[in-house]
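Colleague: Once you've had a glance at the structure underneath, I'll fire off some questions.
No value in this document is a laboratory result; all are computed from the given coordinates. What you see is a predicted model, and the numbers here were worked out from it, not measured in a lab. A quick note on method: Cβ atoms are made from the backbone with ideal geometry, for glycine too, and the neighbour counts reach across all protein chains shown.
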Amino acid sequence: MDFRLSEDEQLFVESVREFLAKELSPHWITMDEQHRIPTEIIHKLGEQGLFAIPVPEEYGGQGGNMLLTTLAVEEVAYADPAVATAVFTLLNNAWPFILYKYGNEEVKQEILPKVGSGQGFFGIASTEPHGGSDVAGTRTRAVKDGDLYRITGEKIYISGVRESMEQLSLGSWFTITRTGTPESRHRGISAFAFIGNKDGKVPEGFRYSILNTVGRHGISTGMLEFNDVEIHKKYLIGEENKGFYLAMQGFSIARIFVSAANIGAARWALEQAIEYARNRRMFDDRPITSFQGVSFPLAELAVKIESAKLLVYKAAQIADRIFIEQEPGLRPHDLNFYAAASKIASVETSKEAFETLMKTMGAYSYTKEAHVYRGLLGVLSYLVGAEGAQNIMRYIVAREIIGREYVK
Ligand SMILES: Cc1cc2nc3c(=O)[nH]c(=O)nc-3n(C[C@H](O)[C@H](O)[C@H](O)COP(=O)(O)OP(=O)(O)OC[C@H]3O[C@@H](n4cnc5c(N)ncnc54)[C@H](O)[C@@H]3O)c2cc1C
C-alpha cells in the first residue's frame with residue numbers, strides 16, 4: 001500500500017492550488033454576496049483544465065482520471081469554502097464522464113468540448129417534487145414519437161440553472177424520465193442528455209425558474225419544467241429503460257467529488273480555527289490554544305479530516321480501477337460502498353469543522369463580517385440532501401455490508 005501521491009499528482013495539486021489562490025480565493029466572498037460565479041471565472045477554470053478531467057482529450061476533456069478530479073475539487077472548495085465553485089466543478093466532471101461513456105457520438109461532440117473549455121455546463125437533473133430519495137419513483141415521462149421523445153414533468157433543486165440558461169453558451173443536464181409503466185420502478189427509466197440552452201436557443205415547452213436558497217449562493221439552484229418538450233432520440237444515453245443504472249454510476253462518481261469538496265471546505269475551516277486560536281489571548285495573555293478545551297477539538301477534527309480524506313482518495317482510486325483502467329472483475333457496483341461511505345464521513349466532518357471553527361472563534365463567528373456562515377451554509381447543502389441524503393448513504397452502506405436481501 002502506498003499512501004503517497006505520485007510526483008505528477010503532487011505537481012498537479014500545486015499548480016491547481018497556485019492558480020486558485022490567484023483566480024478564485026480573492027473572489028469567493030463577493031461571489032456568495034452577489035449570487036454569481038462571474039462567467040470570466042468559469043471560463044478561466046475551463047482554460048486551466050478543471051472541467052471534464054476524466055474525459056479523453058478527443059472529446060475536449062483533459063484525459064485525466066477520478067483521483068486527479070478529486071484532488072482538483074478539494075482545492076476548489078478550499079479556495080471557495082462556500083462550495084459553489086466546487087459544486088459547479090464536480091458536476092462538470094462527473095456527469096460529462098457518464099455522457100462520454102454511454103452517450104451517442106454526435107451528442108458527445110456537441111456537448112463535451114463546450115463543457116471542457118468552460119463554455120458549457122452538463123449537470124444532473126433527477127430530483128422531482130415528490131421526493132429526491134426515491135429515484136426509482138421518477139414521474140417525468142418521455143413518450144416515444146418516431147425519432148423523437150416528448151418529455152413532460154418537473155425537476156426541482158437542480159444546480160446550475162442560471163449558469164446554464166443565462167451565463168454560458170450551452171446549458172445541459174443528464175436527466176432521467178419514465179419510459180416504462182409507473183409500476184416498472186427502476187426498470188422503466190431512461191436517461192437523456194437534455195440541452196436547455198444552446199447559443200440562446202431554448203426548446204419549446206421548456207421553462208426554468210430559480211429558487212431562493214439560503215446558502216452556496218455562487219451557484220444557482222432551480223426548477224426545470226417540461227411541457228411536451230421534443231427531444232431527438234440521439235439524446236438518449238445508453239439503452240431505453242436502462243437509465244437508472246447509469247444514474248447510479250453517475251451518483252457514485254459524483255459522491256466522491258462531493259466528498260472531496262467537503263474535505264476542502266473542512267481543511268479551510270480547521271486552518272481558520274487554528275489561526276484565530278493562536279492569536280486570541282486572554283487569562284494572563286495566554287493564547288486560547290493553551291486550553292485543552294480549545295486545542296483538543298482541533299486535534300480531533302484534524303484526525304477526522306485525515307481519515308475521511310483517505311477514504312475519499314481510496315474511493316477515487318477504486319473508481320479509476322473500474323472506469324478508467326477497466327480492471328477485469330471489477331464492476332461499477334463495487335464503488336457503491338466507498339462512494340456512500342465517503343459522503344457520510346466527509347459531509348459530517350465538514351459540518352463538524354464549521355461548528356468547531358465557530359466555537360473556537362466565539363461570538364465573532366456569528367457576525368456576517370467573519371463570513372464563516374457562508375461556509376457552514378454551503379456544506380449544510382450536502383447534509384440536507386444534495387447528491388443523496390445521508391440516510392440514503394447509510395442505506396447503501398448497510399445494503400452492501402449486510403446484503404441486499406436483508407435491507408429493504
Ligand atoms: C442545494 C441543493 C442542490 C441540489 N442540486 C441537485 C441537482 O443538481 N440535481 C438533482 O437532481 N438534485 C439536486 N438536489 C436535490 C437532492 O438530490 C435531494 O435533496 C436529495 O436527493 C434528497 O431528496 P429530497 O430533498 O427531496 O428529500 P426526501 O427524499 O424527501 O427525503 C427527506 C428525508 O427523508 C429521508 N428519507 C427518505 N427516504 C428514506 C428512506 N428510504 N430511509 C430513510 N430515510 C429516508 C431522507 O434522508 C431525508 O432526511 C439538490 C439539493 C440541494 C439542497
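Colleague: On a 26 Å Cα-Cα criterion, which of the cross-link pairs LYS155/LYS234; LYS22/LYS198; LYS22/LYS343; LYS108/LYS201; LYS198/LYS343 come out too long? It would help to have the intermediate numbers written out before the result.
Modeller: Working: LYS155/LYS234 22 Å; LYS22/LYS198 31 Å; LYS22/LYS343 29 Å; LYS108/LYS201 19 Å; LYS198/LYS343 33 Å.
With Cα atoms farther than 26 Å apart: LYS22/LYS198; LYS22/LYS343; LYS198/LYS343.
Colleague: Quick check on the chain: what are the equivalent-ellipsoid semi-axes from the Cα gyration tensor, as sqrt(5λ), descending, whole Å? Provide the component values of the computation, followed by the final result.
Modeller: Working: eigenvalues 256, 103, 85 Å².
Largest first, the chain gives 36, 23, 21 Å.
Colleague: If you wrap a convex hull around the C-alpha atoms of the range 209-260 and split its volume per residue, what is the figure in Å³? Could the numbers behind the result be given before it?
Modeller: On the way: hull volume 7.1 nm³, N = 52.
Measuring per residue, one finds 136 Å³ for the Cα hull of the range 209-260.
Colleague: While we're looking at this one, here's another question. Once you have all Cα-Cα distances for the range 178-229, histogram them in 5 Å bins from zero and send the whole-percent values.
Modeller: 5, 15, 16, 18, 17, 17, 9, 3
Colleague: Moving on to the next point. In whole Å, largest first, what are the principal axis extents of the Cα atoms in the range 7-120?
Modeller: For the range 7-120, the Cα extents along the three principal axes come out at 40, 35, 18 Å.
Colleague: Something else about it: Please get the size of the charge dipole for the chain, origin at its Cα centre, with Cβ charges of +1 on Lys and Arg and -1 on Asp and Glu, quoted in debye to the nearest 20.
Modeller: Working: 44 positive and 51 negative charges, 223 e Å.
Here the chain has a charge dipole of around 1080 debye.
Colleague: Another question, then. Which stretch or stretches of the range 210-245 have amide N atoms under 16 Å from the point lying 7 Å from ARG150's Cα along the Cα→Cβ direction?
Modeller: Backbone N within reach: 226-233.
Colleague: Going by how many other beta carbons lie within 10 Å of each one, how would you line up TYR382, TYR78, TYR395, TYR102, fewest first? Show your work: numbers first, answer last.
Modeller: On the way: TYR382 27, TYR78 24, TYR395 16, TYR102 21.
The most exposed by this proxy come first: TYR395, TYR102, TYR78, TYR382.
Colleague: Quick one: longest stretch of the chain between exposed loop GluC sites (Glu not before Pro), exposed meaning at most 12 other C-beta atoms within 10 Å and loop per DSSP? Kindly include the intermediate steps, with their values, before the conclusion.
Modeller: Working: sites that count: GLU204, GLU239, GLU325.
Excluding the exposed sites themselves, the longest stretch runs over 1-203.
Colleague: Could you give the alpha-carbon Rg of the range 308-408 over 2.2 N^0.38 Å, rounded to two decimals? Provide the component values of the computation, followed by the final result.
Modeller: Details: Rg = 17.2 Å, N = 101, 2.2 N^0.38 = 12.7 Å.
In units of the 2.2 N^0.38 Å rule of thumb, it is 1.35.
Colleague: For LYS114, give me every one of the aspartates and glutamates with a C-alpha distance below 12 angstrom, ignoring sequence neighbours fewer than eight places off in its own chain.
Modeller: Once the sequence-local aspartates and glutamates are set aside, what remains near LYS114 is GLU47, ASP199.
Colleague: Using alpha carbons only, how many angstrom separate the centre of the range 95-120 from the centre of the range 171-220?
Modeller: Here the answer is 16 Å between Cα centres.
Colleague: From the backbone phi of the range 175-187, what are the Karplus-calculated ³J(HN,Hα) couplings (6.51 cos²θ - 1.76 cosθ + 1.60, θ = phi - 60°) in whole Hz, Gly and Pro given as x?
Modeller: 10, 10, 9, 8, 10, x, 6, x, 6, 5, 6, 5, 8
Colleague: Just report the Cα centroid separation between the range 314-334 and the range 268-284, whole Å.
Modeller: 41
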